[in-house]
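Note sheet for the following structure.
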Amino acid sequence: MVNTMAKKVVGIIGTYRKGRVIDTAVCEVLRGAQDNGAETQTIYLLDKHIEFCTNCRTCTQEQSVGRRGQCVHHDDMDEVLRAIDEADGVVLGAPTNFYNVNALTRRFIERLLPYAYWPWNTRGGPKYRVARPDKKAVIVTSSAVPTFLARVLVPGPRRALKLAARTMGARVIKSLAYGMVAVTPETTLREQDLLRAYHAGELLAKSLRQPA
């Protein structure tokens, strides 16, 4: 029997390599959430047909459209965004490529523009359609440098994922970063790393049960 009261958590995985660090970490976060009563869904961006944003801003022109405007592209992104809209929690995972999230994840992030209101002839930048975050998020990144150095030398991935979460209406409650993942071609997560991810999922699920 499906628990209609269960909170939903969707994992967005932006890695090119299934079964590796980012995939494993996000799935472990989802497992921790599921073991604590959440309903989970996993989305691999690699499996989705997502066009590039052309910055036409059609999706940003109308004000009273709800959480997001309508993109001109007819691809899998609308399906992904519907899953996010229906979720209470989000897990975003992406590796570091050239000092920021990889291109696969970057393409997804740029297509989050429908969550913004930005009509032409308006001074300044876009405004969030979701004025106050009503979801919670965990973000997961990885890099070739030690974790403590990554926060200083490559802050781009964490900043990009935090902005992505906020844009879709989620507040980041936990950030996981895994360093030294390029030591060998088959680098995997250690037991303590998996445990950190699992505990993040527990935290996410428990926080979703608390009053806003």
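The values are calculated or read from the model by the stated rules, or taken from the named source; none is laboratory data. Keep in mind that what you see is a predicted model, and the values were worked out from it rather than measured. When we count neighbours, we look across all protein chains shown, and the Cβ atoms used for this are built from the backbone with ideal geometry, even at glycine.
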Single residue of LEU163, LEU149 found to be under 22 Å from PHE52 (Cα atoms) and out of contact with any Ser or Thr (no Cβ under 8 Å at 6 or more places or on another chain): LEU163
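Here is a yes/no grid of residues against (1) touching a residue at least 12 places away in the same chain (Cβ under 8 Å); (2) touching an Asp or Glu at 6+ places or on another chain (Cβ under 7 Å); (3) part of a loop (DSSP other than H, G, I, E, B); (4) buried (at least 17 other Cβ atoms within 10 Å of the Cβ):
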{"site": "CYS56", "(1), (2), (3), (4)": "yes, no, yes, no"}
{"site": "GLY66", "(1), (2), (3), (4)": "yes, no, yes, no"}
{"site": "HIS73", "(1), (2), (3), (4)": "yes, yes, yes, yes"}
{"site": "ASP78", "(1), (2), (3), (4)": "no, no, no, no"}
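One line per residue, one yes/no per condition, for (1) buried (at least 23 other Cβ atoms within 10 Å of the Cβ); (2) within 18 Å of ILE84 (Cα to Cα):
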{"position": "VAL9", "(1), (2)": "yes, yes"}
{"position": "VAL21", "(1), (2)": "no, no"}
{"position": "ASP35", "(1), (2)": "no, no"}
{"position": "ALA38", "(1), (2)": "yes, yes"}
{"position": "THR42", "(1), (2)": "no, yes"}
{"position": "LEU45", "(1), (2)": "no, yes"}
What residue, of ALA170, ALA144, ALA164, ALA116, is more than 14 Å from the chain's Cα centre (by Cα) and modelled with pLDDT of 95 or more? ALA116
Out of curiosity, is VAL29 out of contact with any His (no Cβ under 8 Å at 6 or more places or on another chain), buried (at least 16 other Cβ atoms within 10 Å of the Cβ) and of a type outside the set (Phe, Trp, Tyr)? yes
Taking ALA200 as the residue in question, decide whether it is surrounded by 14 or more Cβ atoms within 10 Å (Cβ to Cβ), within 21 Å of GLY37 (Cα to Cα), of a type in the set (A, V, I, L, M) and at pLDDT 90 or above. yes
Near pairs, Cβ below 9 angstrom, 6+ apart or cross-chain, from the stretch 34-54 (in contact (Cβ under 8 Å) with a residue 60 or more places away in the chain) to any residue that is surrounded by 18 or more Cβ atoms within 10 Å (Cβ to Cβ) and among the polar types (S, T, N, Q): GLN34/THR40; LEU45/THR15; LEU45/THR105
